[in-house]
1. Is there a residue being modelled with pLDDT of 95 or more, within 14 Å of the chain's Cα centre (by Cα) and either closer than 29 Å to Asn215 by Cα or crowded, with 24+ Cβ neighbours inside 10 Å (or both) anywhere in region 109-124?
2. Can you name the strands (runs of 3 or more DSSP E) wholly within region 1-101 that have at least 1 residues being in contact with a Gly (Cβ under 8 Å, 6 or more places away or on another chain) and open to solvent by less than 30 Å² (accessible area, probe 1.4 Å)?
3. Touching a residue at least 60 places away in the same chain (Cβ under 8 Å), crowded, with 24+ Cβ neighbours inside 10 Å and in contact with a strand residue (DSSP E or B) (Cβ under 8 Å, 6 or more places away or on another chain), is that true of Leu141?
Amino acid sequence: TFGVGDGGKIAISASDNILLQNSQIKNDSFGEGNAGDIAIDAINNIRLDNSSIDSVVTIFGQGNGGNIKIATGSLELSNGSRLTANTFGKGNAGNIGIQAENSIFLDNSRIGSEVSILGKGNAGTIDINTGSLTLQNGSNLSTSDAFGQGNAGNININAKDNVSFDGTGKDLFQLYATVFSGAKDGNGGEINITAQNLTLSNGGNLNSLTSGVGNAGNVNINVSESVNIFGFAKVNILEQTVDFP
């Protein structure tokens, strides 16, 4: 907590698969200094089962969060798993970059870069490049300012094939770059999606909102074939007052 200096880097590489089960990888900042980066690389598959990879500036931290970089063939998060780069202290949250050649699949899991309670700084950017992206069972992607002071980050998704958000009625905010009403001020981030097909179903949502003092961001969708929105799904760009979900 009273340390001064930057955290080191965590790098894990495998020629086949990486599995995290009921496990955690963390690289946090508690003192004065930046948190270190986390880089995970596996040729075939990276799977998180009830596990997390986190880079966090804690309440006592003064410095920027580290970046999280994932490179693999396929990435799967399940059973409440998460990839997060957040700030609770004084500093910017880290960025999250994911390169998955074949697919990314989230089931009841989340990927986020956020400014949380007492945080002063900007949320990071989430950059995703993959073959296909699927979120289901309450999963979400988020770059938000919930109760702190700063801007939400951008979410950039580039998929060769399909992008699918199936909310299954469990999550009103499935993909959001949002400044919520508890935040002091800040602008919402942009959501940029490039894909062959985009499907929002069963409450799946794209949201760029501001409920504090600031501007909402843009939602840009570039799809070569079809966009399908059904089952209470929505695309929202709003400036309003709502409670944090």
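1. no
2. Of the strands (runs of 3 or more DSSP E) lying wholly inside region 1-101, those with at least 1 residues that are in contact with a Gly (Cβ under 8 Å, 6 or more places away or on another chain) and open to solvent by less than 30 Å² (accessible area, probe 1.4 Å) span 38-49, 52-57, 68-78, 82-87.
3. So Leu141 fails the test.
The values are calculated or read from the model by the stated rules, or taken from the named source; none is laboratory data. Because the structure is a prediction, the values reported are computed rather than measured. We place every Cβ from the backbone using ideal geometry, glycine too, and count neighbours over all the protein chains shown. When the accessible area is computed, the model is the full protein with side chains, heavy atoms only, and any ligands, DNA or RNA have been set aside. Shrake-Rupley method; radii C 1.70, N 1.55, O 1.52, S 1.80 Å.
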